[in-house]
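The values are calculated or read from the model by the stated rules, or taken from the named source; none is laboratory data. The structure presented is a predicted model; accordingly, all values stated were derived computationally and were not measured. Every residue, glycine as well, gets a Cβ built from its backbone with ideal geometry; the counts of neighbours run over all protein chains shown. Remember, those area values only see protein heavy atoms, side chains included, never the ligands or the DNA or RNA. Shrake-Rupley method; radii C 1.70, N 1.55, O 1.52, S 1.80 Å.
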Amino acid sequence: MAALLRSHRRRAGLTLEALAEGTGLTKSYLSKVERGISTPSIAVALKIARALDADVSQLFSDSPDNSMMTVERRGERAQVDERDGSAVYDAVATRMIGKSMQPFIVHPTTQPGSDYMEHPGEEFILVKEGTVEVSIPDQVITLDEGDSLYFDANTPHRVRSVSPSRAVLIVVVHDRDGESADAAPASKSAQRCAPTTSTSSS
């Protein structure tokens, strides 16, 4: 994502200071993202894409594809290092721009204590493998394999894998406030981030 963010920022004619002002993020944090030191969560990626007037998938992709359909094979999915407890966000259908939904395969963090995240729109979580705890203020919801949750993403939330093997989620975000841009996107790269989606057990 690092090179793609820098490319889109420059194409938009924005300095790091201007992007920081437009997103409410710090210049130092955005600099770390551009240098590949930090990787944003889904919520932060949506915020950056909105400031750049771009489809969020363009931050994960560099090959334009304006077709009405995109197919991705199992072999294209992210490889997860189970020794690393950080969350991994594997964006899906990144070559297709202008989507009204943003799908991800998420390997949630195993580490407790991350910040709550929130963003405009709605979010759907389906547990494909394992067990997770979804924490919202004053409530912790346990979801097992096959369980799902649909909620207003403006609600502060965080997710943590609590099963012996790392959980795998299908997450779909609908950003009601975000409008897609027509800029060119492309080939997908999985994004690894610090534990931005975790919680302690109740």
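Things worth noting here:
- Between E72 and E17, the modelled labels are 3.7 nm apart [label points 7 Å from Cα along Cα→Cβ].
- Counting DSSP beta bridges with both ends in the range 20-171, the antiparallel % (nearest 5): 95
- For the range 85-159: rounded, prolate or oblate by the Cα gyration tensor [a/c cutoff 1.5]: prolate
- Karplus (6.51, -1.76, 1.60) ³J(HN,Hα), θ = phi - 60°, over the range 130-144, in Hz, Gly and Pro reported as x: x, 9, 10, 10, 9, 10, 10, x, 6, 7, 10, 10, 8, 10, 9
- Of the solvent-accessible surface of the range 110-179, computed with a 1.4 Å probe and all protein chains present, 46% belongs to carbon and sulfur.
- Full-extension gain in nm, S163 to D138, via 0.36 nm per residue minus C-alpha separation: 6.8 nm
- Spin-label model, Y150/Y29: points 7 Å from Cα along the beta carbon direction are separated by 3.0 nm.
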